[in-house]
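Notes follow once the structure below has been shown.
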Amino acid sequence: AQAEASRCLNCKNAPCTKGCPVSVRIPEFLKAVKDGDIEKAGAIVKSTNSLPSVCGRVCPQENQCEKLCVRGKIDGAVSIGSVERFVGDYMLHVKSEPTQIKTDKKVAVIGSGPAGLTCAGELAAAGVAVTVYEAFHTPGGVLVYGIPEFRLPKRLVAAEIEKLQETGVRIELNTVAGKTVTIEELLAEYDAVFIGSGAGLPMFMGIEGENLNGVL
């Protein structure tokens, strides 16, 4: 990771950061990795990206940050995604401390997919008490049910969620918002409700034979 990070040219205008949907400060975190300070690199990445070990695996870096890497014009782009994955995995083994900031605000988050987890993490960091309501028996949303194991191991998703819980986030499973608990009930108990229920319904093509066994 240090060897790859050292290939970064530390471009002044950082086109790689402009190519990142969440504007990770890429040259900064790569420099921290190059210097051997992985926890500092993790803090830099986490300041804009709540799920680095996930994004390091599933983001299409070749069409985003790495596509704009100036080094790519010389001898190949820096493997930004791979280094981010390393940093994210490393940070899973660093204990998260509950935030020292405390407010009297409470927020309910519906859905424990990427949107819900990111929202919960940002709110917890701001000192807000957060409870995540998940309809299924396992948290993670599309990260668990929609991305195959070979692309994103379930143990890593579980580890990311465990890190979130270390900061004080509560997760209520088997709770269907709108049925088990109504929005009105949540609004009566919480200051705000974030709805990140995801795209849970499939879209069928409507062609003959699509429901036959063995047809995918």
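Scanning segment 1-44 for residues that are of a type in the set (Asp, Glu) and free of Cβ contacts under 8 Å to residues at least 24 places away in the same chain yields Glu28, Asp35, Asp37. Per the listing Glu208, Glu172, Glu189, the residue uniquely more than 25 Å from the chain's Cα centre (by Cα), at pLDDT 90 or above, under 19 Å from Val128 (Cα atoms) and not basic (Lys, Arg) is Glu189. Scanning segment 1-56 for residues that are over 16 Å from Leu92 (Cα atoms) and under 13 Å from the mean Cα position of the chain (by Cα) yields Pro21, Val22, Val24, Thr48. Residue pairs whose Cβ atoms lie under 9 Å apart, separated by 6 or more positions or on different chains, with the first residue in segment 173-199 and farther than 17 Å from Cys119 by Cβ and the second aromatic (Phe, Trp, Tyr) and in a loop (DSSP other than H, G, I, E, B), are Leu173/Phe136; Asn174/Phe136. Among all positions in segment 99-106, there is at least one residue which is touching a helix residue (DSSP H, G or I) at 6+ places or on another chain (Cβ under 9 Å), farther than 22 Å from Ser197 by Cα, open to solvent by less than 60 Å² (accessible area, probe 1.4 Å) and in contact (Cβ under 8 Å) with a residue 40 or more places away in the chain. The condition (being in contact with a helix residue (DSSP H, G or I) (Cβ under 7 Å, 6 or more places away or on another chain) and modelled with pLDDT under 90) is satisfied by just one residue among Val94, Val87, Val54, Val109: Val94.
Here Ser47 clears all of (1) free of Cβ contacts under 8 Å to residues at least 24 places away in the same chain; (2) closer than 27 Å to Thr131 by Cβ; (3) touching a helix residue (DSSP H, G or I) at 6+ places or on another chain (Cβ under 9 Å) except the condition numbered (3). Quick check, is Lys106 charged (D, E, K, R) and in contact with a strand residue (DSSP E or B) (Cβ under 6 Å, 6 or more places away or on another chain)? Here the answer is yes, as Lys106 does meet what is asked.
The values are calculated or read from the model by the stated rules, or taken from the named source; none is laboratory data. The structure presented is a predicted model; accordingly, all values stated were derived computationally and were not measured. Note that we place each Cβ from the backbone using ideal geometry, even for glycine, and neighbour counts take in every protein chain shown. For accessibility, only protein heavy atoms count, side chains too; no ligands or nucleic acids. Shrake-Rupley method; radii C 1.70, N 1.55, O 1.52, S 1.80 Å.
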